[in-house]
Every structure is written in structure tokens, then in C-alpha cells.
1. Within segment 109-134, count every residue that is surrounded by fewer than 18 Cβ atoms within 10 Å (Cβ to Cβ) and farther than 16 Å from Ser177 by Cα.
2. Glu245: touching a residue at least 24 places away in the same chain (Cβ under 8 Å), away from the ligand (no atom under 13 Å from the Cβ), part of a helix (DSSP H, G or I) and over 20 Å from the mean Cα position of the chain (by Cα), yes or no?
3. So, of the residues in segment 278-305 that are within 15 Å of the ligand (Cβ to nearest atom), outside any helix (DSSP H, G or I) and hydrophobic (A, V, I, L, M, F, W, C), which turns out to be farthest from Leu229 (Cα to Cα)?
4. Can you tell me which residue within segment 136-146, out of those that are out of contact with any Asp or Glu (no Cβ under 7 Å at 6 or more places or on another chain) and either outside any strand (DSSP E or B) or free of Cβ contacts under 8 Å to residues at least 12 places away in the same chain (or both), is least open to solvent (accessible area, probe 1.4 Å)?
5. Spot the failing condition for Arg325; the list is (1) under 30 Å from Pro120 (Cα atoms); (2) in contact with a helix residue (DSSP H, G or I) (Cβ under 7 Å, 6 or more places away or on another chain); (3) charged (D, E, K, R), and only one is missed.
6. Based on this model, can you work out whether Thr133 counts as among the β-branched types (Val, Ile, Thr) and over 18 Å from the mean Cα position of the chain (by Cα)?
7. Considering only segment 160-175, how many residues are within 16 Å of the ligand (Cβ to nearest atom) and open to solvent by less than 30 Å² (accessible area, probe 1.4 Å)?
8. If you take the residues of segment 58-73 that are open to solvent by 20 Å² or more (accessible area, probe 1.4 Å) and in contact with a Leu (Cβ under 9 Å, 6 or more places away or on another chain), which of them is farthest from the ligand (Cβ to nearest atom)?
Amino acid sequence: MLKRISALVLAGLTAMSVSACGGSSGGSSGGGGGGSSITMGFSQVGAESGWRTANTKSVQDSAKSAGITLKFSDAQQKQENQIKAIRSYIQQKVDVIAFSPVVESGWDTVLKEAKNAKIPVILTDRAVDSKDTSLYKTFLGSDFVEEGKKAGQWLVNEYKDGKDPVNIVELQGTTGSAPANDRKSGFQEVIGADPKFKIIASQTGDFTRAKGKEVMEAFLKSNPDIDVLYAHNDDMGLGAIEAIEGAGKVPGKDIKIVTVDAVKDGMQALADGKISFIVECSPLLGPQLMDLAKKVVKGEQVPARVVTEETTFTQEQAKQVLSSRQY
Ligand code: AHR
């Protein structure tokens, strides 16, 4: 009898602890992997691109295999939604907060609130411009300036023998976001050394396919002589391809296209000759994020910056790796 009562009490306690960890602001997941007592609040930027979808999946799958309970919220590309989500995670007393900040500025107040509540914060994918780096434990993600430089370097090599002006249009990512700022400055730094490279139009396409198409249509109407499109991600480049074809031009021939990300659809367009070159930006940050989360929750030291390893792809390389691409 005593045995039965103990078993019932144990079952009741287990049920209580599971529901206490359950996600109230979105889905939650738990599992094996040694992190079962950790709850992470994760605020995602949105679902603006193929890259973001792959990143969300990586975070959710990795939380499950690491045994970390995930409270997930999608901010729909709005900073105020991210701030609300972070405040709700603080109220819920999660063990660790991770987020990919939609823009770089304006985070100090909410990050101080997390610090005062003694909840460690991990920045993932995108950085903030806070001067006080004690407001977060680490920043895991790509070097976006380097990505911009790689795109610029490709262009410099491609036109190394030419003397004529090269007219470039640029589709920027979300205004104020780290990847838009850094990919622009890295690219500019490299092409700026040669005055033949001219950025004749530059506008945000918000990292989406629809906006990429819309802005490219406007570029094509007002600029008859575009040689190159530099798009800060594949999705905007893919939208622009539709606009270029709609204008009766051949993407990859009449207008060369260089993009960033290397998601499957982008790689397919590269293999098909519509895109000329892609700089990789890996969305598969989940496993490293969960490892860092376990360490910061235990109070262990972690590096202030963890940079993702990335490569670049030509059309030939895209043909070789396309079938084995994970995202
Ligand atoms: O922050 C990473 C960027 O965000 C990706 O390059 C882009 O596709 C996404 O929307």
C-alpha cells in the first residue's frame, strides 16, 4: 500500500514539474540529453526567409535532443514583440533567455531587467550594439562583415580585367539589423577600392522574397543599365530573379547576381546559372546554442564570441553539393 501511495505521489510530482515547464508563449519541447531541468525562453525574429525557417527548426530539434525545455515565440520582425517575449520569460523565471535581435539598437533596458533577475542571456545569429557587454553572456553567430567582404571579393575577381563602370544595385536586409548593416559595410569596403564599381541604387527588401521582387521591379524601371545585383539574402535574390525575368532579361547573364545564405532554393538557382555566387550563412546554430546554454546555466565560463564556420559556393560547387544540402 505504502509503495502504491509513494508511486502515486511520485507520479503527481512528475506531472507537476512537467506542466510547470510547459510553454505558455508558444510550443515547448523536452527530451533526453542531460539538460532536462533547464528551461530556455527563445525569441525568434520571425519567419521571413528560408534561412529563418531552417534556424527555427535547428533550435527546436536541438533543444529536444539536449533535453532542454523550450519556450518559443515568433516576433514577426517586430522589436516590440521581442521585448514583450523577453519580459514574459523573465516573469516566468526561465533559466536562460536566447534571442536573435531583429535590429541592433534599443535593447539595454530589457537586458538590464534580465540581468537584475539573474537570468543569463545568449545572443544568437544577430548582435546588439549595447556598450555594456555584461548584459549578455555570449554571442553565437556569423561574421556578417566577413560575408559582405566575400561577396565584394567575388565581384572584384569577376571584373578584374574590365575597365568599364560596373553598375550595381543592392537589396538590403531589414533596416537596422546587424546582417544588413554589416553585409553592406563589408561589401562596400572591398569594392570601394576601385572606382569602377558603382552602387547605383540600394534599398531594403526586408529579407523577404516578395519585397525583393517588388524593389527589383522598381530598380529595373529606373535603371536601364544594371550589371550586378547584390542581395543580402537568397530569398530577396530569388524574388529579384522573378522581376528580372518579368522584365524580359536573363538572370545570371544580363544581370549577375550575388547573394548570401546558401539555402536550398538559392543553391538550386545557383546550379541553374541564375545566381552567380553565394556566400554561405549557416542557420544550423541549435546544437552550439544548447551547449552554451547548459554551460551558462551551470555558471561556467563561455567565450564572449562564437563565430560560425562558413564557406562560399560557385555554380559548379552548387551542382556538386545540392543533393546533400540539409536546408
Ligand atoms: O540574420 C540572418 C539573416 O536573417 C539571414 O541571412 C536572412 O536570410 C535572415 O532573414
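1. Within segment 109-134, residues that are surrounded by fewer than 18 Cβ atoms within 10 Å (Cβ to Cβ) and farther than 16 Å from Ser177 by Cα number 11.
2. Against the criterion (touching a residue at least 24 places away in the same chain (Cβ under 8 Å), away from the ligand (no atom under 13 Å from the Cβ), part of a helix (DSSP H, G or I) and over 20 Å from the mean Cα position of the chain (by Cα)), Glu245 does not qualify.
3. Applying the filter and picking the extreme gives Leu285.
4. Filtering first and then ranking leaves Tyr136.
5. Going through (1) under 30 Å from Pro120 (Cα atoms); (2) in contact with a helix residue (DSSP H, G or I) (Cβ under 7 Å, 6 or more places away or on another chain); (3) charged (D, E, K, R) one by one, Arg325 breaks only (1).
6. For Thr133, the condition - among the β-branched types (Val, Ile, Thr) and over 18 Å from the mean Cα position of the chain (by Cα) - is met.
7. 4
8. Across segment 58-73, the extreme among qualifying residues is Lys64.
The values are calculated or read from the model by the stated rules, or taken from the named source; none is laboratory data. Nothing here was measured: the structure is a model prediction, and the numbers come from that model. Cβ coordinates were reconstructed from backbone atoms using ideal geometry, including for glycine residues, and neighbour counts include every protein chain displayed. Calculation scope for accessible area: heavy atoms of the full protein, side chains included, ligands and nucleic acids excluded. Shrake-Rupley method; radii C 1.70, N 1.55, O 1.52, S 1.80 Å.
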